[in-house]
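Just so you know, all these numbers are worked out from the coordinates, no wet-lab data involved. As the structure is a computational prediction, the values presented were derived from the model and not from experiment. All Cβ positions, glycine included, derive from the backbone under ideal geometry; neighbour counts span all protein chains shown.
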Amino acid sequence: MKPRTRWEAVCTVDDLVPESGIAVWTEEGPVAVFYLPHRLPALFAISHTDPFSGANVLARGITGDLKGEPVVASPLYKQHFSLRTGICLEDDTVRVKTYPVLLDGNQIRLEVRANQQTSIAA
Amino acid sequence: MSKKTLIVIGNGMVGHHFLEQFCASPAAADFEIIVFGEEKQLAYDRVHLSEYFGGSTHADLAMGTLEWYTEQGIQLHLNEQVTGINRENRTLETPRGSYRYDELVLATGSYPFVPPIEGNDRPHCLVYRTLDDLDAIRASSEGARAGVVVGGGLLGLEAANALKSLGLEAHVVEFAPRLMPVQLDADGGALLRHKIEELGVQVHTEKATTAITEGEDARLRMDFSDESFLETDLIVFSAGIRPQDALARASGLEIGERGGIVINNHCTTSDPHVHAIGECALWEQKIFGLVAPGYTMARTLSAALNGDRELAFTGADMSTKLKLLGVDVGSIGDAHAQTPGARNIRFNDEQAGHYRRMVISEDGKTLLGAILVGDNSHYDTLLQYALNGITLPENPETLILPESQGGAPALGPDALPETASICSCHNVTKGDICGAIDAGCSDLGSVKAETKASTGCGGCTALLKNVVDSELEKRGVEVSKDLCEHFPYSRQELFHIVKVNGIRTFHTLISQHGKGHGCDICKPAVASILATCWNEHILATDHVPLQDTNDTFMANMQKNGTYSIVPRIPGGEITPDKLIVLGEVAKEYDLYTKITGGQRVDLFGATLSQLPEIWEKLIAAGFETGHAYGKSLRTVKSCVGNTWCRYGVQDSVGMAIRLEDRYKGLRAPHKVKMAVSGCTRECAEAQSKDFGVIATENGWNLYVCGNGGMRPRHADLFATDLSDEELIRTIDRVVMFYVRTADRLQRTSVWMENLEGGLEYLKQVVLEDSLGIGAELEEHMEGIVGTYQCEWKTAVEDPEKRKRFREFVNAPSQTDPVQEWTVERGQRRPVLESA
Ligand SMILES: Cc1cc2nc3c(=O)[nH]c(=O)nc-3n(C[C@H](O)[C@H](O)[C@H](O)COP(=O)(O)OP(=O)(O)OC[C@H]3O[C@@H](n4cnc5c(N)ncnc54)[C@H](O)[C@@H]3O)c2cc1C
Ligand code: HEM
Ligand code: SF4
Ligand code: SF4
Ligand code: FES
């Protein structure tokens, strides 16, 4: 059975930084949201946690593309992670979690797992 | 078939290397292996023995691990001396038992020679060969004031340095008229002596010790044949080594006239079942007191035991290059011109302390040997000439003349023959590299993977790259200097494009001159170019996403995602009030505090959201950003200079502050460091910086393109006796020329070495204005100095910019859960990876 999810509002368009990332706090922990205005889709969300160091830093990496794949480079040890799949380009056995993300009016929403309490509230 | 037994006597460097080679070979399956070592420790790196006094332990120096020996099934008997060999029965004896062998390997090394002087067996008379010896020296140094080393050779000088590091007054007593008599000539020895005395080691040459007796003011007294004497608390004998051949001698093996176990080209002794390798072996009347020939013997013997008799030991090059007490010394081939008809060319600059001598053949065509003191930068080129018999240029003296006097630049890759050794760690020649390229390798990475070149110590990286580039170019392969997949240009080309077309954003540049969306290589490079050209605030909206996190947040990210803060402290001068502010801020935010190597204070452990608050406080107290995060000027280190120091001849602090204030914030291809010393004693270590300034009676000497770090390089003297204004104008020009023409992440040293024409060319451009761009470079610099702003001041005053420093934009009070802390030596630090 697919776990129940909900679309959590995490920030507004004004919080985003074009061509870069910001970090938000969700019930699943820290998530990095990237806004790449020159691409379609323009919004990406992946875990903020760098799997190589364990530090919460991925939103602070440099974005770009490698052979067409949108990526962010970890600011600590510089591995690249695909923004679409979360897979590490240097070591495809490592993958960070990705989150569906959408723009709802002025709100940015992420699809996160719903735990009991909040799903009632939502 | 039951296994045969192979016994190795001696668990030193060469014995261990042999085991590594042999255990990886097919024949290992046929043998039980037993190893006896007289020392109680597992084989360790004797070459770096002196580091034991610098804090290294046996574990740091060990060549292998006990687990490895167990895995290989080797029976290891440490602390067990072999006392006899019976070759008829093929057995040997130790105090603990008797053992049978089928093949026996002697790797017993050598022992220090102690001259037969009356009293040489008194307490506190020691030697320098093993870890136990060093423990004994350390113990003896307790309560001692002075120490004497007998013997002024390579090892003796190293031992003298060790005594110094133990806090003793160090003396060297040498029988010969000069230091390092084997490697150096009279002039070279005299210069080395002068340099070493400057470092506080007292040298006594032409002294023959006749007796050691009890001292009056110290523990011991040494009497010399010329009736003089010296009192000392301990004596270290370092008067040469002798091959450890006692066992072989007693068992009737053939021994050389002056010692050493005679071996053939396959390292076998006069008994076909007994072999000898390393310093105990004598090949064609020669003992090899270096580790590399020993390793070659070990590989040869391992091959022979595998039935491969193609590999043969055919002697070894005994050239050496080293730093003794910080002084460069090099000796190549026939340094003493013993070849009949050999002729000498000498260059002696007593002022700079450089001595060079070339020994050339009678016909003047080949280099036979060389001696270098004070500066080893010519060593590699000379060694290539000597080893490969390359024909000397018409005026061979140009090889050792300074470039300013018409000296020739280093040998280009084309001049090297196929047999030239490029990587000595993995024994890769130029021919091997050409072979790899012909077999399909088309870039540096694949040549490295194929040949293993440059995967050892890394010392050959630059040479390898030059050879590969030049070979690829010869084969018509275009060597790509492209920045990355998004821009088909080098950094320098991009710089021109930006400047000429007046481009001010990354987006314009990539859409007009590149492709795709950029990456973490080109974005910071372009950001740095834009900053140099237009000097806009790095947090201007268009630039933010281009920067590395350290530039974006103007602090250095640490391993747990927090940042460190380094305020600028120009010239290292700080008022007590400002120091108190630093302390108060650190205390308030519980920041780990450490003094940096650049004479400033580093505060660690600030979270992203704390950065602007902390900087508000620092700015209010008058601090500015230190740019420790940027590829830009770091610090200008200085000594205290003539305002306090009794030796000082100029105000080094004043000049350092002036330079730091002038160049602070300038973006460059890589970080730039400077230093100013107030006199020739050089307390600020200016010659290890990109720009080093040393005061003279008449002004300032400028050194350029040095660096510390992984591969240190001494800066080159660029101009002398400059006035304040001349100094600044000269630095302006060099800095700007570097910023405009260097590649991404290229330090000044590499940049200068890659300039066609090198230092000489740079001097022409800067001092003689050969390109006619001097005024333009200065003007560009003036423009940058005029638009300087403290990035942190601008950032904290702008609410939009401050928004960037929210750790989680939707949860201001949420702290980062992975930042766990513990307390050590009274300060907070991150918990290291939980196991
Ligand atoms: C301070 C110092 C600095 C040096 N610097 C350099 C340098 O910069 N470059 C360089 O190339 N070389 C240098 N050397 C020389 C280098 O260390 C030697 O060339 C190398 O260690 C020789 O290796 P080996 O295995 O032949 O001898 P060793 O490493 O001496 O090993 C021989 C071992 O055999 C043991 N042994 C002897 N007899 C018996 C027995 N009867 N039974 C059991 N065991 C026995 C000894 O105890 C010893 O452990 C330096 C040496 C010293 C001391
Ligand atoms: C991960 C990248 C690095 C970081 C974050 C870093 C950070 C620092 C910092 C903060 C300082 C204190 C300097 C100051 O006061 O401003 C410093 C000093 C120093 N760093 Fe680095 N560094 C890095 C890489 C290197 C490398 C690659 C080298 C060698 C090439 C190097 C060599 C030095 C040296 C020699 C000093 C002492 C400076 C002096 O005495 O003037 N660093 N470093
Ligand atoms: S370099 Fe000269 S002036 Fe500066 S502290 Fe050292 S001795 Fe004094
Ligand atoms: S030497 Fe290594 S560990 Fe120390 S600060 Fe520099 S990069 Fe970090
Ligand atoms: S010489 Fe090539 S890696 Fe050491």
Label-point separation, residue A:104 to residue B:770 (7 Å along Cα→Cβ), nm:
6.9
Using alpha carbon centroids, what distance separates the stretch B:615-631 and the stretch B:748-806, in Å?
20
Calculated on alpha-carbon atoms, Rg and Dmax of the protein assembly as shown in Å:
32.6, 102
Can you give me the distance in nm between label points at residue B:41 and residue B:254, each placed 7 Å from the Cα along the Cα-to-Cβ direction?
3.7
Okay, which of the stretch B:36-50 sit inside 17 Å, backbone N to the point 7 Å along the Cα-Cβ direction of residue B:3?
B:36
Dipole magnitude of the stretch B:317-411 about its Cα centre, charges +1 at Lys/Arg Cβ and -1 at Asp/Glu Cβ only, in debye to the nearest 20?
160
Sorted from largest down, give the three principal axis spans of the alpha carbons of the stretch B:107-215, whole angstrom values.
36, 33, 31
Shielding by partners for B:800-813, please: the mean number of other protein chain Cβ atoms within 10 Å of each residue's Cβ.
5
Taking beta carbons within 10 Å but only from partner chains, what does the mean come to for residues A:22-29?
5
Which angle from 0 to 90°, rounded to the nearest 10, does the C-alpha axis of helix B:652-663 make with the longest principal axis of chain B?
60
Dipole magnitude of the protein assembly as shown about its Cα centre (Cβ charges: Lys, Arg +1; Asp, Glu -1), debye to nearest 20
2240
Based on the alpha-carbon gyration tensor of the stretch A:5-113, what equivalent-ellipsoid semi-axes (square roots of 5 times the eigenvalues) come out, in whole Å, largest first?
21, 15, 12
Considering only Cα-Cα distances, which of the following residue pairs are longer than 24 Å: B:594/B:617; B:430/B:689; B:321/B:631?
B:430/B:689; B:321/B:631
Students often get this wrong: which residues of the stretch B:622-636 have the backbone nitrogen under 13 Å from the point 7 angstrom along Cα-to-C-beta of residue B:789?
none
Per the helix-only calculation at 222 nm, which mean residue ellipticity applies to chain B, given -39500 (n - 2.57) for every DSSP H run of n ≥ 4 and division by its residues, nearest 500 deg cm²/dmol?
-8500 deg cm²/dmol
Mean per-residue count of partner chain Cβ within 10 Å for A:64-70 equals 5
FRET efficiency (residue B:79, residue B:306; Cβ distance; R0 30 Å; to 0.05) is 0.45
Placed amide H near residue B:810: partners under 5 Å, 5+ positions off or other chain
A:25
Share of Cα-Cα pairs in the stretch B:317-411 lying beyond 19 Å, as whole percent
34
Take the Cα coordinates of the stretch B:698-835, assign each an equal point scatterer, and use the Debye formula without solvent to give log10 I(q)/I(0) at q = 0.11, 0.15 Å⁻¹.
-0.70, -0.87
For the protein assembly as shown, give the share of DSSP beta bridges that are antiparallel, in percent and rounded to the nearest 5; count only bridges with both residues there.
70
What does the net charge come to around residue B:720 if you take all other residues with beta carbon closer than 14 Å to its beta carbon, with K and R at +1 and D and E at -1?
-4
How many nm separate the modelled label positions at residue B:821 and residue A:6, each set 7 Å beyond the Cα in the direction of the Cβ?
3.4
